[in-house]
1. Output wanted: per-residue J couplings in Hz (rounded whole) for the range 256-272, from phi through Karplus 6.51 cos²θ - 1.76 cosθ + 1.60, θ = phi - 60°, x for Gly and Pro.
2. If I model a spin label as a point 7 Å beyond the Cα along the Cα-Cβ vector, how far apart are those points for VAL46 and GLU124 in nm?
3. Given a Förster distance of 45 angstrom, what is the FRET efficiency for ALA33 paired with LEU54, based on the Cβ-Cβ distance and rounded to 0.05?
4. For Rg and Dmax of the Cα atoms in Å, pick the label among [x] 24.6, 91; [y] 25.3, 95; [z] 22.3, 75 that corresponds to the value derived from the coordinates.
5. Multiply the residue gap between ALA184 and THR80 by 0.36 nm, knock off their C-alpha separation, and tell me the result in nm, one decimal place.
6. Rank by packing, highest mean first: peptides 247-259, 54-66, with packing defined as the count of other Cβ atoms within 10 Å averaged across residues.
7. For the range 210-226, list residues with backbone N below 19 Å from a point placed 7 Å from the Cα of GLN93 toward its Cβ?
8. Of MET186, VAL136, VAL261, which is farthest towards the positive pole of the range 133-284's charge dipole, taken about the Cα centre with +1 and -1 on the beta-carbons of Lys, Arg and Asp, Glu respectively?
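The values are calculated or read from the model by the stated rules, or taken from the named source; none is laboratory data. Quick caveat, the model's predicted, so the values are computed rather than measured. A quick note on method: Cβ atoms are made from the backbone with ideal geometry, for glycine too, and the neighbour counts reach across all protein chains shown. For the accessible areas, the whole protein counts, side chains as well, though only heavy atoms, and no ligand, DNA or RNA atoms are used. Shrake-Rupley method; radii C 1.70, N 1.55, O 1.52, S 1.80 Å.
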Amino acid sequence: MTTTTEGADAAPAASAPHTPRTGPARARTETPAALMRVYQLLLTAVVLGAWEILGRVGVIDTFFFSLPSAIGVAVWEWITTGFIFPHLWITLQEALYAFLIGTALGLVLGFWLARVRFLERLFEPFVQMFNALPRVVLAPIFLLWFGLGIESKVAFGVTLVFFIVFFNVLQGVKSVDKVLLDNARMLGATERHLIQHVVLPSALTWIFSSLHISVGFAIVGAVVGEYLGAAAGVGYVIAQAQGVFDTEGVFAGMFILMIVVLFVDLGVNRLERYLLRWRPVPGA
């Protein structure tokens, strides 16, 4: 099954997992992680400082681009008063459910179609057709079907997460070395042994590559759904702030979402390192 995409927000095609450079060359050229963090903090400080200065001297219109200091004050007030936490909790619930359901469906169907060639050929045009469908047009439909509650946001998020995981699992399972499979069969491995000891470990890199992207898309699905119609959630807060031209509130909501996604992605990174600890460490 090909994994080409059509449409503005079709799921990204299965992307080959990043293959790091190995050996002494990598050790010589790569900047230490601690030093890289310092560079990243400096870059952040430079960008925010330039933004603040340009806003204060009038080069940037603060009506459209609130000052970073004002955004920081808004974020601090939301946190210290506890205003944002109930909304953030609802958004996280919606994103978590969308992530779990979309990932489970993508894993099962991607694995199934990759192992059964007939089913892959049978479903290929339908998968491509639904993947090409712009997801945003589904949000109003889900609102009609499921109402303004959490269900409509979860359903929308599932449509975003599913195709990312599905295509990566499909490609990862199909990319398993045929020689390795044949050798395992010759040694007496059953289908269950092949899946447990050969196919799944080989496809894990592809699966985790898709999970990194899916985390962000699950939150995007929740926020977009809340933005279009909800009674609570970070997307709802951003929509309310936009309605009264409160750009500080809009940027504050965006900033909180970025921080949340960053921490969730760090959690996925730790889980990936734990499950893939059997892999040789590059340069070791």
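1. Working through the residues one at a time gives 4, 5, 5, 5, 4, 4, 4, 5, 5, 5, 4, x, 5, 4, 5, 5, 5 Hz.
2. Calculated label separation equals 4.9 nm.
3. Values: r = 32 Å, r/R0 = 0.70.
So the FRET efficiency works out to roughly 0.90.
4. Comparing each candidate, only [z] matches the computed number.
5. Values: separation 104, 0.36 × 104 = 37.44 nm, distance 5.86 nm.
Extending this stretch completely gives an extra 31.6 nm.
6. On the way: 247-259: 19.2, 54-66: 12.6.
Put in order of decreasing packing, that is 247-259, 54-66.
7. Answer for the range 210-226: 218-226.
8. Of the listed residues, the answer is MET186.
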